[in-house]
Amino acid sequence: MTNVLIVVDVQNDFTEGGPLGVKGGNLTATSITAFIRAHKSGYSRVIASRDWHSPDGDNGGHFAAKPDMVTTWPRHCVRGTTGSAYNPALESELIDVQVYKGDGSPAYSAFEGNTPGGASLHDVLRTAKASRIDIVGIATDHCVRATALDAVDKGYSVTVVADLCVGVDQVASIKAMAEMAAAGVHIGFSTDTR
Ligand SMILES: [Zn+2]
(Lines give C-alpha, C1' and ligand atoms only; values in the text may rest on other atoms or scores of the structure.)
Protein backbone atom coordinates (compact mmCIF):
# COMPACT_ATOMS: atom_id res chain seq x y z
CA MET A 1 0.00 0.00 0.00
CA THR A 2 1.35 3.41 -0.96
CA ASN A 3 -0.19 6.23 1.00
CA VAL A 4 -0.57 9.80 -0.17
CA LEU A 5 -1.89 12.80 1.74
CA ILE A 6 -3.85 15.48 -0.08
CA VAL A 7 -4.17 18.86 1.67
CA VAL A 8 -7.05 20.76 0.08
CA ASP A 9 -7.05 24.56 -0.23
CA VAL A 10 -5.55 25.66 3.12
CA GLN A 11 -5.26 29.25 1.87
CA ASN A 12 -5.54 32.67 3.44
CA ASP A 13 -8.82 33.54 1.70
CA PHE A 14 -10.46 30.41 3.16
CA THR A 15 -9.28 31.02 6.73
CA GLU A 16 -10.14 33.70 9.28
CA GLY A 17 -9.75 37.19 7.82
CA GLY A 18 -10.31 36.10 4.22
CA PRO A 19 -13.43 36.90 2.17
CA LEU A 20 -14.41 33.22 2.48
CA GLY A 21 -12.76 32.62 5.82
CA VAL A 22 -14.29 29.62 7.54
CA LYS A 23 -14.43 29.55 11.32
CA GLY A 24 -11.75 27.14 12.54
CA GLY A 25 -9.61 27.52 9.43
CA ASN A 26 -6.50 28.77 11.25
CA LEU A 27 -6.73 26.01 13.83
CA THR A 28 -7.19 23.42 11.08
CA ALA A 29 -4.05 24.71 9.33
CA THR A 30 -2.07 24.38 12.59
CA SER A 31 -3.46 20.90 13.23
CA ILE A 32 -2.64 19.74 9.68
CA THR A 33 0.98 20.87 10.07
CA ALA A 34 1.29 18.98 13.37
CA PHE A 35 -0.27 15.91 11.76
CA ILE A 36 2.10 15.98 8.77
CA ARG A 37 5.12 16.39 11.04
CA ALA A 38 4.00 13.35 13.04
CA HIS A 39 3.15 11.16 10.03
CA LYS A 40 5.33 12.37 7.14
CA SER A 41 7.26 9.08 6.91
CA GLY A 42 3.98 7.24 6.37
CA TYR A 43 3.22 9.11 3.14
CA SER A 44 5.10 8.77 -0.13
CA ARG A 45 3.86 12.21 -1.16
CA VAL A 46 2.19 15.15 0.54
CA ILE A 47 0.23 16.96 -2.16
CA ALA A 48 -1.45 20.32 -1.64
CA SER A 49 -4.08 21.90 -3.88
CA ARG A 50 -4.72 25.60 -4.24
CA ASP A 51 -7.67 27.49 -5.66
CA TRP A 52 -5.96 29.75 -8.20
CA HIS A 53 -8.32 32.06 -10.05
CA SER A 54 -7.78 34.51 -12.87
CA PRO A 55 -7.78 38.22 -11.90
CA ASP A 56 -9.91 38.86 -15.00
CA GLY A 57 -13.66 38.35 -15.17
CA ASP A 58 -15.78 36.17 -12.92
CA ASN A 59 -13.99 32.85 -13.60
CA GLY A 60 -16.93 31.28 -15.37
CA GLY A 61 -19.60 32.63 -13.04
CA HIS A 62 -17.68 31.54 -9.90
CA PHE A 63 -17.37 35.08 -8.52
CA ALA A 64 -20.47 37.22 -7.92
CA ALA A 65 -21.14 40.66 -6.45
CA LYS A 66 -24.05 39.12 -4.53
CA PRO A 67 -22.89 35.55 -3.96
CA ASP A 68 -25.26 32.81 -2.76
CA MET A 69 -22.36 31.07 -0.94
CA VAL A 70 -23.38 27.77 -2.52
CA THR A 71 -22.49 28.08 -6.19
CA THR A 72 -21.32 31.71 -6.36
CA TRP A 73 -18.73 33.31 -4.13
CA PRO A 74 -17.06 36.60 -3.31
CA ARG A 75 -13.81 37.22 -5.18
CA HIS A 76 -11.17 34.91 -3.67
CA CYS A 77 -7.83 33.20 -4.30
CA VAL A 78 -6.81 35.32 -7.26
CA ARG A 79 -3.55 33.77 -8.42
CA GLY A 80 -0.40 35.26 -6.92
CA THR A 81 -2.20 37.35 -4.28
CA THR A 82 -1.71 37.05 -0.52
CA GLY A 83 -5.21 35.57 -0.35
CA SER A 84 -4.17 32.70 -2.61
CA ALA A 85 -1.08 31.90 -0.49
CA TYR A 86 -1.10 29.07 2.01
CA ASN A 87 -2.26 29.96 5.48
CA PRO A 88 1.00 30.73 7.33
CA ALA A 89 0.28 27.95 9.85
CA LEU A 90 0.55 25.38 7.06
CA GLU A 91 4.26 24.66 6.79
CA SER A 92 4.85 24.69 3.05
CA GLU A 93 8.24 22.92 3.35
CA LEU A 94 6.29 19.78 4.26
CA ILE A 95 4.54 19.77 0.86
CA ASP A 96 6.09 17.72 -1.95
CA VAL A 97 3.74 18.52 -4.85
CA GLN A 98 1.43 21.45 -5.52
CA VAL A 99 -1.58 21.47 -7.85
CA TYR A 100 -3.41 24.60 -8.94
CA LYS A 101 -7.07 24.72 -10.02
CA GLY A 102 -9.71 27.20 -11.11
CA ASP A 103 -7.86 29.50 -13.51
CA GLY A 104 -10.82 30.94 -15.44
CA SER A 105 -13.46 28.46 -14.29
CA PRO A 106 -14.88 26.99 -11.09
CA ALA A 107 -12.91 23.97 -9.86
CA TYR A 108 -13.83 22.32 -6.58
CA SER A 109 -11.99 19.02 -6.89
CA ALA A 110 -8.20 18.88 -6.60
CA PHE A 111 -8.44 16.39 -9.50
CA GLU A 112 -9.22 19.41 -11.71
CA GLY A 113 -5.81 20.82 -10.81
CA ASN A 114 -2.42 20.61 -12.45
CA THR A 115 1.15 20.99 -11.28
CA PRO A 116 3.16 23.96 -12.63
CA GLY A 117 4.66 21.42 -15.07
CA GLY A 118 1.20 20.52 -16.38
CA ALA A 119 0.73 17.10 -14.75
CA SER A 120 -2.76 16.35 -13.48
CA LEU A 121 -3.31 15.16 -9.92
CA HIS A 122 -4.21 11.75 -11.33
CA ASP A 123 -0.83 11.68 -13.16
CA VAL A 124 0.96 12.56 -9.92
CA LEU A 125 -0.86 9.80 -8.05
CA ARG A 126 -0.10 7.25 -10.78
CA THR A 127 3.58 8.20 -10.72
CA ALA A 128 3.58 7.80 -6.94
CA LYS A 129 1.80 4.42 -7.36
CA ALA A 130 -0.71 5.67 -4.78
CA SER A 131 -3.33 3.22 -3.61
CA ARG A 132 -4.55 4.89 -0.42
CA ILE A 133 -5.31 8.57 -0.11
CA ASP A 134 -5.98 10.55 3.05
CA ILE A 135 -7.66 13.91 2.52
CA VAL A 136 -7.64 16.93 4.85
CA GLY A 137 -8.37 20.63 4.40
CA ILE A 138 -11.00 23.21 3.47
CA ALA A 139 -13.92 23.11 2.90
CA THR A 140 -15.60 19.87 3.95
CA ASP A 141 -18.83 20.73 2.12
CA HIS A 142 -17.17 21.86 -1.13
CA CYS A 143 -13.60 21.14 -2.22
CA VAL A 144 -12.87 18.31 0.25
CA ARG A 145 -16.16 16.67 -0.74
CA ALA A 146 -15.51 17.02 -4.49
CA THR A 147 -11.92 15.76 -4.15
CA ALA A 148 -12.94 12.72 -2.09
CA LEU A 149 -15.79 11.77 -4.44
CA ASP A 150 -13.46 12.04 -7.46
CA ALA A 151 -10.82 9.95 -5.68
CA VAL A 152 -13.19 7.03 -4.96
CA ASP A 153 -14.55 7.33 -8.49
CA LYS A 154 -10.99 6.83 -9.78
CA GLY A 155 -10.62 3.68 -7.70
CA TYR A 156 -8.50 4.84 -4.78
CA SER A 157 -9.05 3.78 -1.19
CA VAL A 158 -9.95 7.13 0.39
CA THR A 159 -10.13 8.40 3.94
CA VAL A 160 -11.32 11.88 4.84
CA VAL A 161 -9.73 12.80 8.16
CA ALA A 162 -12.75 14.49 9.69
CA ASP A 163 -11.04 16.43 12.47
CA LEU A 164 -8.52 17.92 10.01
CA CYS A 165 -11.27 19.35 7.77
CA VAL A 166 -13.50 22.36 8.28
CA GLY A 167 -16.58 23.43 6.35
CA VAL A 168 -18.38 26.57 5.24
CA ASP A 169 -21.73 25.41 6.64
CA GLN A 170 -22.10 22.90 9.49
CA VAL A 171 -25.28 21.22 8.25
CA ALA A 172 -23.97 20.99 4.70
CA SER A 173 -20.71 19.56 6.05
CA ILE A 174 -22.52 16.78 7.93
CA LYS A 175 -24.55 16.03 4.78
CA ALA A 176 -21.31 15.97 2.76
CA MET A 177 -19.77 13.48 5.21
CA ALA A 178 -22.82 11.21 4.82
CA GLU A 179 -22.70 11.53 1.04
CA MET A 180 -18.97 10.72 0.97
CA ALA A 181 -19.46 7.73 3.29
CA ALA A 182 -22.28 6.43 1.06
CA ALA A 183 -19.95 6.72 -1.94
CA GLY A 184 -17.34 4.55 -0.23
CA VAL A 185 -15.13 7.16 1.44
CA HIS A 186 -13.92 6.12 4.87
CA ILE A 187 -14.46 8.86 7.46
CA GLY A 188 -11.57 8.68 9.90
CA PHE A 189 -9.76 10.72 12.52
CA SER A 190 -6.22 11.94 12.99
CA THR A 191 -5.87 9.75 16.08
CA ASP A 192 -6.59 6.54 14.11
CA THR A 193 -3.66 4.12 13.88
CA ARG A 194 -1.82 4.59 10.61
ZN1 LIG B 1 -12.81 29.28 -6.07
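Close amide-amide hydrogen proximity is noted between V78 and H53, S84, each under 5 Å apart and 5 or more residues distant or on a separate chain (H modeled in the peptide plane; Pro and chain starts excluded). Dipole orientation for the chain: of the candidates W73, S31, A130, A130 has the Cα lying most toward the positive pole (charges on Cβ; Lys, Arg +1; Asp, Glu -1). Of all lysines in the structure, the ones whose alpha carbon falls short of 30 Å from that of K66, not counting any fewer than 8 places away in one chain, are K23, K101, K175. Look at where the Cα atoms of segment 113-177 and of segment 44-58 average out, and the two centres are 14 Å apart.
For a straight C-alpha distance cut-off of 16 angstrom, the aspartates and glutamates reachable from K129 (same-chain residues fewer than eight places away being disregarded) are D96. For Q11, nonlocal amide neighbours, meaning residues 5 or more places apart or on other chains whose placed amide H falls under 5 Å from its own, are N87.
Scanning residues 5 or more positions from D169 or on other chains, those with amide H under 5 Å from its amide H are D141, with H placed 1.01 Å from N in the peptide plane. Residue by residue, segment 14-25 carries 3J(HN,Hα) couplings of 9, 10, 3, x, x, x, 10, x, 8, 5, x, x Hz when phi is fed to the Karplus relation 6.51 cos²θ - 1.76 cosθ + 1.60 (θ = phi - 60°); x denotes Gly or Pro.
The charge dipole of the chain, taken about its Cα centre with unit charges on the Cβ of Lys, Arg, Asp and Glu (plus for the first two, minus for the last two), comes to roughly 400 debye.
Ranking Q11, Y43, G118 by Cα position along the charge dipole of the chain, where only Lys, Arg, Asp and Glu carry charges on their C-beta atoms, puts Y43 farthest toward the positive end.
Accessible surface computed residue by residue for segment 63-169, with neighbouring protein chains in place and a 1.4 Å probe, gives 42 Å² per residue. Semi-axes of the equivalent ellipsoid of segment 3-188 are 23, 18, 17 Å, computed as sqrt(5λ) over the eigenvalues of the C-alpha gyration tensor in descending order. With both residues required to sit in the chain, DSSP beta bridges show an antiparallel share near 10%.
The values are calculated or read from the model by the stated rules, or taken from the named source; none is laboratory data. Nothing here was measured: the structure is a model prediction, and the numbers come from that model. Cβ: placed from backbone, ideal geometry, glycine included. Neighbour counts: every protein chain shown. The protein model used for the area step is the full one, side chains on, heavy atoms only, and it has no ligands, DNA or RNA in it. Shrake-Rupley method; radii C 1.70, N 1.55, O 1.52, S 1.80 Å.
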